[in-house]
Structure formats: structure tokens, C-alpha cells
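The next block holds one structure in the form of C-alpha cells; read it before the comments.
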Amino acid sequence: MTTSPARHLLASLAGIIVLAITATLVASALGPASERILTVFFISLIAVVGMGVYSGNSGILSFGHLSFMGVGAYVSGLLTLPAQMKMATLPKLPDWLAAAETGFFSAILIAVVVTSVLALIVGLALNRLEGSAATIATLGLLIITHGVIIGWRDVTRGSQSFFGVPRETTLWAAAVFCILALIAARLYRDSVSGLRLRAGRENAIAAGAVGVNIRKERLISWVLSAAIMALSGALIAHFLGAFSPKKFYFADTFLLLAMLIVGGMSTVTGAITGAVTITLVTEILRRFEGGFNLAGLEMPAVFGTTQIGIGLIILFAMFRKPDGLAGLKELEERFFPGHRVDPAQTVTAGAVKPVDPTPLQGQNLTMRFGGLVAVRDVSITVNSGEILGLIGPNGSGKTTLLNMLSGVLAPSEGTVRRGDTDLTQAKPYEVANHGIARTFQNIRLFDTLTVYQNVLIAALSTKNGERAVERCETAIQAMGISQFAGSDANTLSYGDQRRVEIARALACEPRRVEIARALACEPSLLFLDEPAAGMNREETDDLMATLQKLTGDLGLGVLIVDHDLKLINQLCDRIMVLNEGAEIAQGAPEDIRKNPAVIEAYLGHS
Amino acid sequence: MKKLLTLTTIGALLAAPSFADTLRIGAATAQTGGLAPYDAPVMEGIHIAIDEINAAGGIGGTTKIELIEKDVRSDAAQTSIAVQELVDTGVSALILPCDADPSLAAIGIVSSAEIPAISTCASSPTLPMIGGDYMFANFPGDNVQATVSAAWAQEQGHDTAYIIYSPDSQYTTMPLYFAEVFEKMGGTVLGQDTHSIGQQDFSAIATRIAALPEQPDVIMTSSYEPDFPSMLKALRSAGVTSQMIGSDGIDSPTTFSLGEAGEGVVFTTAGYAEEGSPLEAFNAKYKETTGKDSETVFNAVGYDLIKVIEAAVLAADGSTDPKALRDAIANLENVQGATSAITYKGTDGMPVRQVSLIRVKDAGREFLGSPSPDAALIPAPRMQ
């Protein structure tokens, strides 16, 4: 299933096919030199979208993807290399491999499968790393693969040329495979897995809190991207007929990454833009490399012009267009509107479904950070149908307690249980799947995704994604943010000067989106960490009404942390007060207001 | 009689040279990367030869040479791309990079386009062997060079040898040919070591050799810069004093600027500028053209390559047809180049040409001779 409007996908698929076929026809008409440039372009583009499937969606830059291209090239080359040639150039090849001689297409298929299996094994190990550690690890992968190809002389001819591969990659073959790769990348981007991965890229913690298992999605995209790289490698091998391990090392990694970065990592549009730009520039510069005559001025041959040119383009892109020339949106997303949601609030089946009444119980929870005890031996019960307020001065451990209950932090001591289920060591995405959803003190939205997508991810990643669209739209309606459904989350709080008034009205919207996202998980328990922060009184009242309606209508249990005592007093059925990590009071609002310990904690000794 | 005369006239007319206006040559050589120290000087020599021929009105006074150049960055894949582009522009002959490995990358294109291709200075005899009818080399073969240096070592009374080679390229496996000839002639090879191209650190190998119970009389390698200078310095600083024997890859200015460590190193190469020799004349011309002294034989090797093509065009009666040129090259005999007389006739594309032995002395060249190797000792070419 895909998560973007069908008109986007149809527009992009049509665009890809028309572009590729037009380019192929034009190049065929222009002659063999253009055909070759376009063939190499298609093959490079396959590799660039292959890298984009992983790096673009996960946000982890990979230097290691040319390993998979290399594996694809060598595996397919070994399969199609004529047996006679193998005897002459690879005399020590194992017998079964020496005798193997398959056709072009079966060789590609086998190469893609072998590479995918390899990627799965490597991915299981690499997946444990985050951020720049993961990037550096991919660099290690590149170096190790290069070393293995060089060292495995009997099979690869070491660092010598691997040659004699039949040159079977025609322009049309490259064009068709390129179309397939682009479509695969485009569909993946807006698949459930792709959307979840992009959410993880935007904000890993929030993605976890709405039920996204980022590692799983990363592994899927890693294997898919490796398969696309292998396709590219097999095609280049059968285009060149000869290559050496150098072809799959730093120089080409640099070239392909340049395409990806210049064009924009996160979109297929970006991959195409980058590949076109860099190919045009290198083709032009390469012609000048041999020296040229400019209006009677004889320029000497300068070899290496191409690399310098690419370097300059990257610098330009980083300064002027850090997200790449194509930015963060697919072309069709700019032209066609995104999701629309009917603002009329409809009572759907989902909204009246009774929720799980089992309370969540935290027993004797303690959290230590080194020598600091942030929460000391606190027990808490969150019941359904009840709004529990959690208050206390700054640094009293409210958020830490919330983090332990929602799986963001594993408690140093104590247990978290819901009925028979022990959630003490559960990951955030597992907690989310037990009907517990939350918002964050510092707004954590998936900035570059639309409001609709922000909410949809949550719906898709919990309860097995059942009735996801319905749940998503209900949540959006419940929060009254239907009019922003197609807007990017990060545009909500910004407006140009002419719309200052509107901007002010919008300023609080990110927080509402966040609550909608939590609701889309169809939770039975909702944790809200300072939901009213930054809202004016009117907006706060509005929010309060919404929350009361939710608990009343749906029987939701709410745990709310806020500094707005008026809000807490009016909203909550029960209030728990923390100070210096320990519970100092608990009870009905009116009792808490009179509690001397609470007054002391807030106001000090009088 | 009259009829015969007519026939002869017609025949003579038919056979009359039909010189084309231009001969287009495509050069895909390594102007950057590891092979640039060889291909860059070769291209200088090629330009000198082409300018000289064109200044005199072209080959046979009519056929000017047009040269199209591409840089292949010492890379196999890039060679394949560049050669294909050159073929697209309709060249009659191709010039390929210095080493067999990138040149081999062009095999498929060269044989299907049926255009003769000459590697600037690849010396691996396997290149024309695997490359087919259209692939030619322009340098004394590795197996021939190894035979010359092994025979010289034996003559000097050296009985034991040690070889250091790199399996990373065909060329750097020349010591295996050396070991074969050396043993055939009654010598003993005490051992061998391998390294990778660009390794730089040779201390482990040096320590191992220094610790041998018996020090070898000679150490043979065909490694080139930047590996050779590091290897030599590591060996000397580990106290190894064996005679070093190298090959044409170290015929570069670097070798003569190594100071004490470089002194006494012996290597085989494609020629020596004896007094009155064509090489001396070439070097004078080089200085006249470029304003500097030629510091490597590779300048002259480039000049030779164009002389071979010129001779082939003349032998093909001025034809620039690639197939005619191929057949002409394959039958060339004793073409006088700057370094030596060059013969392709009777070979599979690996030319018969002079091998010179040079010893580094006082940071300059000492000529040890240009012995003709015993044909019976020359090992058969093989992929290794």
C-alpha cells in the first residue's frame, strides 16, 4: 500500500516513463555517442536512486553502497564471462563457476539476489549503529569489500582488470531497467515502510513513540537499495566489458554521491536532477579536458578538470541549496495538492469503539543518571476514563517519569505493567502498540512531512495499521486541523509578513498535530507533556474542551504534565505532585490546592 | 608486348599510393593516476613525432596526423569508455595506456571495431596474446627483459636471488619470469615476497630478507614508484646490501634522485643514448623542443610509437584503413625508432626490440650493454 495520493504516484510514474523513453528516442536519433552517454547516465541514475532509497529516506549518508554495485558487477560478470575466457584469465576458478555461463538477464537476476542476501547479513550488523557512526561504518564496508575483491584473486583477478564480459547492455535495456528502478524507488518512498523511515529520519524519538520500529524499516530500505545497486553494477559491467575494483571505490562513490547530494537526497526528482546536472557538467568539462580553442585563444589540456568541476558544484549546492536542487519535495507534490480531509467531524465506528480499560501501573520507579537521582521510588497508576495531572516544580522528574512509562527510558529500578504485560524494558514502539501514546515537551514533529502524513504514520504503525486512514482522518477532525492536512508540519508556525494574523493563529498548531498523531494510534492511554505550552488562554481553553470530550466520549485515560495550574485544576480528576524526584502528594484538585507540602514546594517556606 | 605494357601501366596506376589527407589517431592514455609517470612522458614524445611529421607535410608528404587525446585516469573502466568514444570519432589507430591492465579493458572494443591499437609502454607479453589480432605492444616484453637481467646477473657471478613482486598487475609479476630464467641457468632462488601496489611500507619484507641465513646475491623486482623507492630504502636501512635489479618501470627521474640508496641499482629498459645513436639525436631534439633534458626513455618510446604508425601507413601504400594498417603493422620489420630498430613481423604483436641494461651511477646512467637474449631461455608468456 502507498501513503500518498494516487494522483501523485500516477503523475510521477507517467513522468518517469515519458522522460526515459523520450530521452532514449532522442539519443537514438543523435547517434552512437549520445546513446552511450545516455546509457551510462541511466546506469548512474539507477545507482543514485539506489543510494537515495537508503540514504534519502533514512537520513543516514552511506559511503558503502558502491560495494553492492561492485558485488553485482563481479557476480554477473563471472556468470556471463565466456567459459574459454575464464580458462585463460581465471585459471584457478572453482569448477562449478568456471563451467557456469548464463544469459545476460539471468545473470542480472542472480547478481541482484546474491547482493540482497549479502546486504541483509551486513545490514543486520550495521543496523545497530546510529547517525554518523552508521555513516563511518558504511565507509568501512566500502573499504572491506574493496579489500575482499582485491584479495580474492582467483575469482576476481584482484586489482587487475576484470575483462572479457560480453557487452550486452544496450540503451534500451538500460532505459527499461532505469524506469523499473525509478518506479521502485518512488513507490518505496511513499510506501508504508518508506513513510515510517522518513518519519524516523525527521525525528527518531517521536517515530518510536507512535509505534515505528526504525531499525526494521532501515533494514528493508538497505536491502532494497542494495538490490538496486547490484542492478546498476551488473549493467555497468555489461556495458563496459572491463572494469577493476577501482570502479567501485572512492572516485565513483564521490561522483554518485555528488549527484545525490546536488540533486537532493530525499526524492526521486532530486536523484534525476542531480544525475542530469552532474552528467551534463562532466560531459562538457571532459570535452574541454583535451584543450580547446575559445575565440582564437588556445587553452592547454588540463586533465582533472572534471573532478574540480564536480567539487565546485557540490560547494555551490551546499552553500545555496543544502537540501539539493530539487529540495525535499517530489516535483508532483509541488504541482498537485496533498491529502485533503473533510473538516466536518463525523462520528465513525472507530470513535465509539470502547477502549481497553486496563490501567497502566508503574511500581516503585527509580531513575538514576550517573549520580543524579531524577525519580525516586514513585508509584503511579493511570486509569482509563480519567485525567491524571502530573505537576511539580522544574526538575522534579515529571518528564523522566513520563519517559519511563512510555519506554523512552528504561527505569533503573521498578516495573511498568499493564495488566499481565510487563512493559518495563519495552521499546517505545512496543509501548505504543499497547495502546499508550504520547506527545513531547519539545514539539517533535516530522517537519518535512505533511500534517496528514504525520498523523497517518502513527495510525499505520500501531494496531497493525488496521483502518489506518479512517483513524488518521478521525484524529485530524477531532483536533480541528483538517484545513492544514496537506501542509508541511514545519510550515505551520511560519507565515510571511502579509499573513501575520493568520500566522499567530497557526502558531499553536504544531502541538495540536502532535496530539492528533497520538490519537491516531487509537490509544487507550494518552500522555501529554506540556500540551498547552505556547498557547494563549483561548487556545488552551479550546484544547481543554477537546481533551474533556475525548475522555468523556471515548473513555480515554489521560496523563497530563503541565505548568498551567488553572488548566490542571479544571481538567484533572486526580493530581499527582512530584518534588525532587519523589511524590509529595496525590488526590483530587481541591485537596491538592490545600496541601501544605505542595504549597511549600511551589512557594517555599513562608 | 604492348598489351603487357598496358597491363603494367594499369597495375602501376592501381598500385599507385592513394594517400589520404589525414590520419586520425585516438590516444586514450593515463595522464592522471598511477600510470601518469609513464604515459605523460610518452605523450610528449608522441607530440614531438607528430609535429615533426606534420611539419614535413605529413606521412609520405601528404597525410597529416590528427591526434585526439583522452585521459583514462589509470583506470580500466575509464579506458573502456574513452576508447569507445575514440572509436566513435572514426580513428584509424588507437594508442592505449601504458599498462597491460587498462589496455586489456579495451580488448572487446578494439576487436569488434577492428582498429589496430598500440599500448604506449605495456610490456606484458600477455597483452597481445589475449588481446587478439588488433592489439600491439610498443615495448620489450617482460619475459625478454627478465631474461636479459637474469643472464646479466649470472654473468656477474651472482648465484642466489630473491624476488619481490606484486600480483596486482601483469607487469609487476615480471620477477616470476626472472626466477624461472635464473633457475634454468643454474641459479638458486632463495625466496619470494609479494606486496600490493601503493603499499609504501616495506619494513616487514626488509626485515625478513635481512634475517635470512644466507643473503641473496641479487634481489629482483619490477615494482615502480612510489613502491620501488620505499622498498629500496627499507632494504638498505635494514642492512640488506644485495644487488638490486629492477625493470623499465624505474626508468624515471625519481630513481636517479635517490642518493646513496639508489647507487648501483641495475635495471632493464628500452634504450640508451650512446654517442651517435638515434636516441641521442632524439634527446637533442627533445631539448630543442621542450627546453629541458629528457630524463626518461619513455619520451623516446612515444616517438617510436608514431614512427611505427608512420611506417605502417607507408607500408600500406598510404592507406588509413584500420584493417590495412593492422596488417601493415603486423608485418613491419626493422623500423628505426629513437630507441632501437623495431620488428613486429613473426611476433604475435609483442615487438622485437632492443633491451638495454642501465646501472645508476653518480645519479646518472651507466650503460652496461644491450645484449640479445638467448631465445631458448625466454619464458613463454602467461597470465600470472
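Observations
- Look at (1) surrounded by fewer than 24 Cβ atoms within 10 Å (Cβ to Cβ); (2) in contact (Cβ under 8 Å) with a residue 12 or more places away in the chain; (3) closer than 20 Å to A:Ala27 by Cβ; (4) within 14 Å of chain B (Cβ to nearest Cβ) and you find that A:Thr277 fails only one, number (4).
- Taking strands (runs of 3 or more DSSP E) as the structural unit, those lying wholly within segment B:179-287 and holding at least 1 residues that are among the hydroxyl-bearing types (Ser, Thr, Tyr) and over 21 Å from the mean Cα position of the chain (by Cα) correspond to B:188-194.
- Test: residue in segment B:53-74 that is under 17 Å from the mean Cα position of the chain (by Cα) and assigned by TED's automatic domain parsing to the domain that holds B:Arg326: yes
- Residue ID - nearest to the chain's Cα centre (by Cα), chosen from residues in segment A:161-192 that are within 14 Å of another protein chain (Cβ to nearest Cβ) and of a type in the set (Phe, Trp, Tyr): A:Phe162
Residue by residue, here is whether (1) touching a residue at least 24 places away in the same chain (Cβ under 8 Å); (2) polar (S, T, N, Q); (3) surrounded by fewer than 20 Cβ atoms within 10 Å (Cβ to Cβ) holds:
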residue: A:Glu538; (1), (2), (3): no, no, yes
residue: A:Gly552; (1), (2), (3): no, no, yes
residue: A:Gly557; (1), (2), (3): yes, no, no
residue: A:Gly581; (1), (2), (3): yes, no, no
residue: A:Gln586; (1), (2), (3): no, yes, yes
residue: A:Arg593; (1), (2), (3): yes, no, yes
residue: A:Glu600; (1), (2), (3): no, no, yes
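- Matching residues in segment B:154-178 - criterion: being in a helix (DSSP H, G or I) and either on the phi > 0 side of the Ramachandran plot or touching a helix residue (DSSP H, G or I) at 6+ places or on another chain (Cβ under 7 Å) (or both): B:Tyr171, B:Met174, B:Tyr177, B:Phe178
- Residue in segment A:230-248 that is hydroxyl-bearing (Ser, Thr, Tyr) and not in a helix (DSSP H, G or I) present: yes
- A count restricted to segment A:546-570 and to residues that are hydrophobic (A, V, I, L, M, F, W, C) and over 13 Å from A:Ile391 (Cβ atoms) stands at 5.
- Here the condition is being in a helix (DSSP H, G or I) and either away from chain A (no Cβ under 14 Å) or within 27 Å of A:His238 (Cβ to Cβ) (or both); of B:Ala40, B:Ala27, B:Ala49, it holds for B:Ala49 alone.
- Considering segment B:179-199, the residues that are away from chain A (no Cβ under 14 Å) and of a type in the set (A, V, I, L, M) include one that is surrounded by the most Cβ atoms within 10 Å (Cβ to Cβ), namely B:Val181.
- A:Gly56 being under 30 Å from A:Glu466 (Cβ atoms), assigned by TED's automatic domain parsing to the domain that holds A:Ile149 and small (Gly, Ala, Ser): yes
- Some residue of segment A:94-111 being buried (at least 16 other Cβ atoms within 10 Å of the Cβ), touching an Asp or Glu at 6+ places or on another chain (Cβ under 6 Å), more than 22 Å from A:Ile150 (Cα to Cα) and touching a residue at least 12 places away in the same chain (Cβ under 8 Å): yes
- Among the candidates A:Ser67, A:Ser62, the residue that is part of a loop (DSSP other than H, G, I, E, B), of a type outside the set (D, E, K, R) and in the same structural domain as A:Val155 (by TED's automatic domain parsing) is uniquely A:Ser62.
- The set of residues from segment A:419-435 being at pLDDT 85 or above and outside any loop (DSSP other than H, G, I, E, B) comprises A:Thr421, A:Asp422, A:Pro428, A:Tyr429, A:Glu430, A:Val431.
- Qualifying positions in segment B:269-320 - more than 24 Å from B:Ile115 (Cα to Cα) and of a type in the set (Val, Ile, Thr): B:Thr269, B:Thr289, B:Thr290, B:Thr296, B:Val297
- The set of residues in segment A:21-46 that are more than 12 Å from chain B (Cβ to nearest Cβ), over 27 Å from the mean Cα position of the chain (by Cα) and buried (at least 21 other Cβ atoms within 10 Å of the Cβ) comprises A:Thr24, A:Ala27, A:Leu38.
- Listed by first and then second residue, the pairs with beta-carbon distance under 9 Å, at least 6 apart or on different chains, first residue in segment A:138-152 and touching a residue at least 12 places away in the same chain (Cβ under 8 Å), second basic (Lys, Arg) and surrounded by 15 or more Cβ atoms within 10 Å (Cβ to Cβ), are A:His146/A:Lys246.
- Residues that are surrounded by 13 or more Cβ atoms within 10 Å (Cβ to Cβ) and among the small types (Gly, Ala, Ser) within segment A:310-341 comprise A:Ala317, A:Gly324, A:Ala326, A:Gly327, A:Gly338, listed in sequence order.
- Any hit, segment B:346-368, residues being closer than 25 Å to B:Ile130 by Cβ, among the small types (Gly, Ala, Ser) and free of Cβ contacts under 8 Å to residues at least 24 places away in the same chain: yes
- Residue in segment A:79-91 that is part of a helix (DSSP H, G or I), touching a His at 6+ places or on another chain (Cβ under 8 Å), touching a residue at least 24 places away in the same chain (Cβ under 8 Å) and away from chain B (no Cβ under 14 Å) present: no
- Screening B:Ser294 against (1) part of a loop (DSSP other than H, G, I, E, B); (2) modelled with pLDDT of 95 or more leaves a single unmet condition, (2).
Each row is one residue, and each column tells you yes or no for (1) buried (at least 24 other Cβ atoms within 10 Å of the Cβ); (2) under 17 Å from the mean Cα position of the chain (by Cα); (3) touching a residue at least 40 places away in the same chain (Cβ under 8 Å).
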residue	(1), (2), (3)
A:Leu197	yes, yes, yes
A:Glu202	no, yes, yes
A:Ile205	no, yes, yes
A:Ala209	yes, yes, yes
A:Asn213	no, yes, yes
A:Ser221	yes, yes, yes
A:Met229	yes, no, yes
A:Ala234	yes, no, yes
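- Tabulated pairs, segment A:310-331, first among the β-branched types (Val, Ile, Thr), second crowded, with 20+ Cβ neighbours inside 10 Å, C-beta under 6 angstrom, 6+ apart or interchain: A:Ile310/A:Ala258; A:Ile313/A:Val262; A:Ile314/A:Ala258
- Selected residue (criterion: farthest from B:Leu86 (Cα to Cα)) from residues of segment B:102-138 that are among the β-branched types (Val, Ile, Thr) and in contact with an Asp or Glu (Cβ under 9 Å, 6 or more places away or on another chain): B:Thr126
- Residue check for A:Leu109: closer than 12 Å to A:Gly72 by Cβ and in a helix (DSSP H, G or I): yes
- Selection of segment B:71-88 for residues being out of contact with any strand residue (DSSP E or B) (no Cβ under 6 Å at 6 or more places or on another chain), in contact (Cβ under 8 Å) with a residue 12 or more places away in the chain and farther than 11 Å from B:Ala30 by Cβ yields B:Gln84, B:Glu85, B:Val87.
The values are calculated or read from the model by the stated rules, or taken from the named source; none is laboratory data. If you're wondering where the values come from, they're calculated on a predicted model, not measured in any experiment. Neighbour counts are summed over all protein chains in view; Cβ atoms, including those assigned to glycine, are modelled from backbone coordinates with ideal geometry.
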